[in-house]
Amino acid sequence: MSRRKELFILLIGDFFAINSAWVLFYWLRFYSGWFAKPIEPFDIIHPILGSLWIYGFWFIAFIFFGLYRSWYVRPIFDEIVTILKTLLFGTLVFMFLVLWDPFTPREYTPLHNDPRIIGLLYFLVLSVMVILERLIVRYTQRRLLESGIGQRTSIIVGDQTKAAELANNLRKAKRLGYNVIGYISSNGISPEYSQTELSILGNFHEMESIIEQKKIKEVLIALNTGEHVKLLDIMGRLSAVNVGLKIVPDLYDIISGQARTREIYGFPLIDINPEIMRPWEEAAKRTMDIFVSSFILIVGMPIWLIVALGVRLTSHGPVIYSQGRVGRNGTPFHIFKFRSMEIDAEKDGPQWAQKNDPRVTTFGKFIRKVHLDEVPQFWNVLKGDMSLVGPRPEREYFVEQLGNEIPYYRRRLKVRPGITGLFQAMVYKYDESLDDVRNKLKYDLMYIESMSFRLDLKILFRTAYMVFRGKGQA
């Protein structure tokens, strides 16, 4: 089952489950005789009209809590727990928005019309319907996987003995959904020297091209304990490739803090590239990006027009400077700034910024000092190319150079680049050399591995403090 088909089936299944739960709850509430009827029920309580509003509410809640993300071969128990958390939170909100009814008489009936009891009833009815629907979908998926339908094309990278052992275990556990088509030896063994039934797909240095040619979805790493450098090499080379990376659990100590153990149907694996942020935090982060960038661009428009006029009157050339950068998952985009340098600042090719850079105009020194040159990037944030907080975006020229020199550098491309980041909030200075970039990378990786909505707020407040104190670099 493809991801699109899975999502379509879940949307249809949730639609029927949520609406069925609402109709059943409506009948219990108004026609079962358990509760007193309101004197004048609101129109929203009408079952048909109400079902549309209620489904829209739960649709947003399910997205917010990550129930439409891929739950590929994860334990159903984890999904049920997430469903219950989502429904509990949503029901509490729902009670205040809909179930509280000032028109209901306060006399006692077989069950008192207490909104808490009514809310509990709705929570139980909805939980049963949604969990039952999800169990049916997951059971069907599991049966399809066991039949060989919908399995993900996978390869194993590592020692040939361990690769053969892992492949044999996966063949016995088809429900995991891994269709292992071969392996790549991390020891440089050529195909003609293979001593296992598992075919060698190519040499280790061809790993990226093999993954692209074979349309690989999952890479399973089977290294010997202690091969730290080899593991980091694989992680670095595949950090910008859209594949799942998993290893066997005896290597957990190697990447402690960068991986989360996932036990799938009793078969333990380690996910090297887990979801970086929890779904609700990612939704909150994007919502904050949209609101803050819109507010700054609209409310500050008179100031931005004055800055634009200052750029135009003090130097020749365009007001807005545009430059190609590399964004999330390696997607190129154009970043926008108020121009602070002379128009021919890079006529001899890409150059590092310098302290007291002679290419900076007089007015450019001022706007760089107070960070006003960065304001047009809020448009990049609004478009979705960037975020308020994240690693600063680099040019493709430097990404290629640094990606070859620094292991795991491309891990930065797993998240949206930001206007500010941990390095900018703590150190703030422009990159003047590769050593500065290497130092900044430590902060970027620290941010990515500790990424949370709370950390974003701390970085934003810290950045605002530094801007108001005028600690920018001219």
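The values are calculated or read from the model by the stated rules, or taken from the named source; none is laboratory data. The structure displayed is predicted, hence computed values, not measured ones. Quick reminder, even Gly has a Cβ in these numbers, built from the backbone with ideal geometry, and neighbours come from all protein chains shown. Each accessible area value is taken on the protein alone, full model and side chains, heavy atoms only, with ligands, DNA and RNA left out. Shrake-Rupley method; radii C 1.70, N 1.55, O 1.52, S 1.80 Å.
Here are the numbers:
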{"read-out": "In Å², nearest 10: area of THR161 left accessible to a 1.4 Å probe", "value": "90"}
{"read-out": "Net charge dipole size for segment 387-428 [Lys, Arg +1 and Asp, Glu -1 on Cβ; Debye, nearest 20]", "value": "220"}
{"read-out": "Contour excess over end-to-end distance, with Cα ends at LYS214 and PHE30 and 0.36 nm allotted per residue", "value": "60.4 nm"}
{"read-out": "Two-decimal Rg/Rh across segment 381-429, once Rg and the Kirkwood Rh are taken from alpha-carbon atoms", "value": "0.99"}
{"read-out": "Inter-site label distance for LEU455 and VAL93 at 7 Å from Cα along Cβ, in nm", "value": "2.6"}
{"read-out": "With all protein chains modelled, accessible area of SER340 [1.4 Å, Å²]", "value": "10"}
{"read-out": "Distance in nm between pseudo-label sites at ARG359 and LEU297 (7 Å out along the Cβ direction from Cα)", "value": "2.7"}
{"read-out": "Subset of LYS214/LYS285; LYS214/LYS246; LYS162/LYS214; LYS5/LYS174; LYS5/LYS458; LYS162/LYS217 violating a 29 Å alpha-carbon distance limit", "value": "LYS214/LYS285; LYS5/LYS458"}
{"read-out": "Contour excess over end-to-end distance, with Cα ends at ASN224 and LEU144 and 0.36 nm allotted per residue", "value": "25.5 nm"}
{"read-out": "Solvent-accessible surface ranking, highest first, for MET446, MET341, MET235 at 1.4 angstrom", "value": "MET446, MET341, MET235"}
{"read-out": "Dipole of segment 288-428 [Lys/Arg +1, Asp/Glu -1 at C-beta], most positive-end residue of SER293, THR361, HIS316", "value": "SER293"}
{"read-out": "FRET efficiency, ILE181 to ILE406 (Cβ-Cβ, R0 25 Å, nearest 0.05)", "value": "0.20"}
{"read-out": "Per residue Cα convex hull volume in Å³ - calculated over segment 358-397", "value": "102"}
{"read-out": "Length released on extending from ILE276 to VAL23, taking residue separation times 0.36 nm less the Cα-Cα span", "value": "87.3 nm"}
